[in-house]
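The values are calculated or read from the model by the stated rules, or taken from the named source; none is laboratory data. Here the structure is a predicted model, which means the values were calculated and not measured. Cβ: placed from backbone, ideal geometry, glycine included. Neighbour counts: every protein chain shown.
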Amino acid sequence: MNPESPAASGRPLEGQVALVTGASRGIGRAIAEHLARQGASVACIATSADNAAATVAACEAHGVVAKAYGVDVSNTDAAAANVKAVMSDLGGLNILVNNAGITRDQILMRMTEDEFDSVISVNLKGTWNFVKAATRPLMKCAGRIVNISSVVGVTGNAGQVNYAASKAGVFGLTRSVAKELAGRKVTCNAIAPGFIATDMTAAVDEAAAAKLTASIPLGRIGQAEEIALAVDFLVGPGGSYVTGQTLIIDGGLSL
């Protein structure tokens, strides 16, 4: 990666390979498409390869190579095997975007151990799994890591003890990885989206959504593309001197 010399084609990620988890829909799909638009080949990770087929087609429409993979991100061995497969299939790895995440919302007194453990396993351990697996190849090319967290990791939220804990953990993981890998010129940053229009937030009932929207200073729900644009910045030439940071994109919700 040479952030000082963007590709002559005008696509700054030309010749690079990006791996995006949780790429089947919503924020993950938007990120994968934006990276493809910037010239990167994209490995689209989902719970099954079929789920990411539409994302692959959208990426290929930008004239890049894209491939879908089905991976349980909470499985350490599966993550390691996937990184090796991506490097073999696509020719390397320069960018890692950890976006995969789930919710199992429940008030604390009713939350089961499985509801807590499953969210931690996917959202936090899954991020660790892929960072660990990708560290060696990223060290060889001054690669970029972006971890998608949540504003809930900053503010907390009733009924989301598990989710908030997992996303707050991603902040600490991000800062620690940034310190460990800075000597090899690998950057690691987090993005904390607020209320973004996705299938996950669509599950919020209409009254609650209206109340939440009214509490956002900018007065609207965010779009997945707005998160993707921030990823573009962090993995592109503009993000070359940014590491260990959390960018909150929430329309002012957390103010």
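Taking (1) within 20 Å of Ala46 (Cα to Cα); (2) buried (at least 20 other Cβ atoms within 10 Å of the Cβ) in turn, Ala85 satisfies each apart from (2).
Which members of region 197-250 meet the condition of being within 20 Å of Gly153 (Cα to Cα), charged (D, E, K, R) and either surrounded by 19 or more Cβ atoms within 10 Å (Cβ to Cβ) or at pLDDT 95 or above (or both)? Within region 197-250, Glu226, Asp250 qualify.
Of all residues in region 10-29, those satisfying the criterion of being among the hydrophobic types (A, V, I, L, M, F, W, C) and over 9 Å from the mean Cα position of the chain (by Cα) are Leu13, Val17, Ala18, Leu19.
Within region 169-179, does at least one residue satisfy the condition of being out of contact with any Lys or Arg (no Cβ under 9 Å at 6 or more places or on another chain), closer than 20 Å to Leu212 by Cα and buried (at least 17 other Cβ atoms within 10 Å of the Cβ)? So far as region 169-179 goes, no, none of its residues is out of contact with any Lys or Arg (no Cβ under 9 Å at 6 or more places or on another chain), closer than 20 Å to Leu212 by Cα and buried (at least 17 other Cβ atoms within 10 Å of the Cβ).
Inspection of region 171-186 identifies at least one residue that is assigned to a loop (DSSP other than H, G, I, E, B) and at pLDDT 95 or above.
Name the one entry in Val161, Val151 that is under 24 Å from Gly219 (Cβ atoms) and touching a residue at least 40 places away in the same chain (Cβ under 8 Å).
Criteria check complete, one pass: Val151.
Among what's in region 228-255 and is aliphatic (A, V, I, L, M) and in contact with a Ser or Thr (Cβ under 7 Å, 6 or more places away or on another chain), pick the residue that is farthest from Glu33 (Cα to Cα). Break it down into steps so the answer makes sense when it comes.
In the first step, residues of region 228-255 are kept if they are aliphatic (A, V, I, L, M); the result is 228-231, 234-235, 242, 247-249, 253, 255.
Remaining after also requiring in contact with a Ser or Thr (Cβ under 7 Å, 6 or more places away or on another chain): 242, 248, 253.
Working: Val242: 23, Ile248: 21, Leu253: 27 Å.
For region 228-255, the residue satisfying everything is Leu253.
Within region 109-120, does at least one residue satisfy the condition of being within 17 Å of the chain's Cα centre (by Cα), part of a helix (DSSP H, G or I) and more than 19 Å from Arg25 (Cβ to Cβ)? Yes, region 109-120 contains a residue that is within 17 Å of the chain's Cα centre (by Cα), part of a helix (DSSP H, G or I) and more than 19 Å from Arg25 (Cβ to Cβ).
Residues are listed down the side, and each one gets a yes or a no for (1) farther than 20 Å from Ala142 by Cβ; (2) crowded, with 17+ Cβ neighbours inside 10 Å; (3) of a type outside the set (Ser, Thr, Tyr):
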| residue | (1), (2), (3) |
| --- | --- |
| Glu14 | no, no, yes |
| Leu35 | no, yes, yes |
| Ala54 | yes, no, yes |
| Gly63 | yes, no, yes |
| Leu90 | no, yes, yes |
| Asn94 | no, yes, yes |
